[in-house]
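Report on the following structure.
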Amino acid sequence: MDIHSYEKIWLVLAVLLIAGFVSTVTYGATAVGVQMIDDDGGTINANALDEDPRFSNPRVEQVGENHYAAYVVAQQFIFRPDPITVPANSTVTFYVTSPDVIHGFEVVGTNANTMVVPGQVSKLTVNVDEPAEYGILCNEYCGSGHHTMEGKLIVKPESEYAQGGSTDRLRHSNPVRRASGTGSPTRRLSSGQLS
Amino acid sequence: MTDEQPVREIGHDEFDPNGTLALILIYFLILVGMWIFMYFVEFLGNELTVIG
């Protein structure tokens, strides 16, 4: 077969490009440790979340020296707990499930993003660094109040967190939503319907 | 008229499509640059990243 020398150049370049794509993704999966969210979280009876010790009282719990578990219920049209408060420079594993329909759990502007399926626990672990406030939103259409379904993830400095930042669920159960300028009347209505 | 124009025949290896080569190299560099930006800056730099 007669292949022109220029053609050989771009054949080689194309193969190199593919090898480069594969190797960067491999680098991400090994050196950086990027993982896919799978069915590790297991299944759950979506009609009986109240009977599950993890989700009957959605909360953040310390499970290791610097490891926290956040048990989150995504339901029409709120996330519980809200806000989710975790300390800075820690590892957080989110367990998210839904009692009603499919929701999304997206920490806005980050790669922490999963589907929340009734009957299934979505499990995702992230490292949080600096103190920050993130929005959380539902990115699967879940009903008439979908557009108002949002929560907050607050990364507190370790010192503040140690002073009881994780236990004030009741105080935060109806937080001031400074960050959101939209839909507040609807939000109050939909939150009220559920409480 | 066309009959009077000189016709030069060249072989397969004598024809060097330099413009095409340059275009492909430019496309290649754009692709590589965009991939590096997309993966390392937009994706890996977009903390929080799922690690488990």
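What whole-number value in Å² describes the accessible area per residue of the protein assembly as shown for a 1.4 Å probe?
Computed with neighbouring chains in place, this is 59 Å² per residue.
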Requested in this report: Could you please state, rounded to a whole Å, how far the C-alpha centre of the stretch A:127-166 is from the C-alpha centre of chain B?
Outcome: 43
Requested in this report: List the GluC sites (Glu not before Pro) within chain B that fall in a DSSP loop (any state other than H, G, I, E or B) and whose Cβ has at most 13 other Cβ atoms within 10 Å.
Outcome: B:Glu9, B:Glu14
Query raised in the report: So, in nm, how far is label A:Val63 from label A:Asn45 when the simple model puts each one 7 Å beyond its Cα toward the Cβ?
Result: 2.2
Query raised in the report: Per the Debye formula with a single identical scatterer at each Cα and no solvent contribution, what log10 I(q)/I(0) holds for the protein assembly as shown at q = 0.11, 0.16, 0.17 Å⁻¹?
Result: -0.68, -1.15, -1.26
Report task. Pop the C-beta distance of B:Arg8 and A:Gln35 into the FRET formula with R0 = 51 Å and round what comes out to the nearest 0.05. Result -> 0.25
Report task. Note down, for chain B, the three equivalent ellipsoid semi-axes (square root of 5 times each alpha carbon gyration tensor eigenvalue), biggest first, whole angstrom. Result -> 50, 10, 7
Requested in this report: Heads up, I need the accessible area for A:Tyr134: 1.4 angstrom probe, whole protein in place, Å², nearest 10.
Outcome: 50
Report summary line: Expected integer from the mean partner chain Cβ neighbour count at 10 Å over B:40-48 is 6
**Report entry** Other protein chain Cβ atoms within 10 Å, averaged over every residue that makes up A:124-131
**Finding:** 3
Query raised in the report: Rounded to the nearest 500, what is the protein assembly as shown's calculated 222 nm mean residue ellipticity when only DSSP H runs of at least 4 contribute -39500 (n - 2.57) each, over all residues?
Result: -7000 deg cm²/dmol
Report task. Pull up the cross-link candidates among the aspartates and glutamates for A:Lys156, meaning alpha carbon to alpha carbon under 20 Å and not fewer than 8 places away within one chain. Result -> A:Glu61, A:Glu65, A:Asp82, A:Glu106, A:Asp129, A:Glu130, A:Glu133, A:Asp168, B:Glu47
**Report entry** Degrees separating the helix B:18-36 axis from the principal Cα axis of chain B, which is the longest one
**Finding:** 0
Report summary line: Once all protein chains are kept in place, A:Val101 shows an accessible area at probe 1.4 Å, nearest 10 Å², of 50
Query raised in the report: To the nearest 10 Å², what's B:Asp16's accessible area with a 1.4 Å probe?
Result: 70
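Using only alpha-carbon positions, what ratio does the radius of gyration of the stretch A:87-153 give when scaled by 2.2 N^0.38 Å?
Numbers: Rg = 12.3 Å, N = 67, 2.2 N^0.38 = 10.9 Å.
In units of the 2.2 N^0.38 Å rule of thumb, it is 1.13.
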Query raised in the report: Which of the residues in the stretch A:104-123 show a loss of at least 40 Å² in accessible area from their chain by itself to the complete set of protein chains, at a probe of 1.4 Å?
Result: A:Asn111
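The values are calculated or read from the model by the stated rules, or taken from the named source; none is laboratory data. Just so you know, these numbers come straight off a predicted model, no measurement behind them. Because the Cβ atoms are built from the backbone with ideal geometry, glycine has one as well, and the counts that use them run over all protein chains shown. Only protein heavy atoms, including side chains, enter the accessible area calculation; ligands, DNA and RNA are left aside. Shrake-Rupley method; radii C 1.70, N 1.55, O 1.52, S 1.80 Å.
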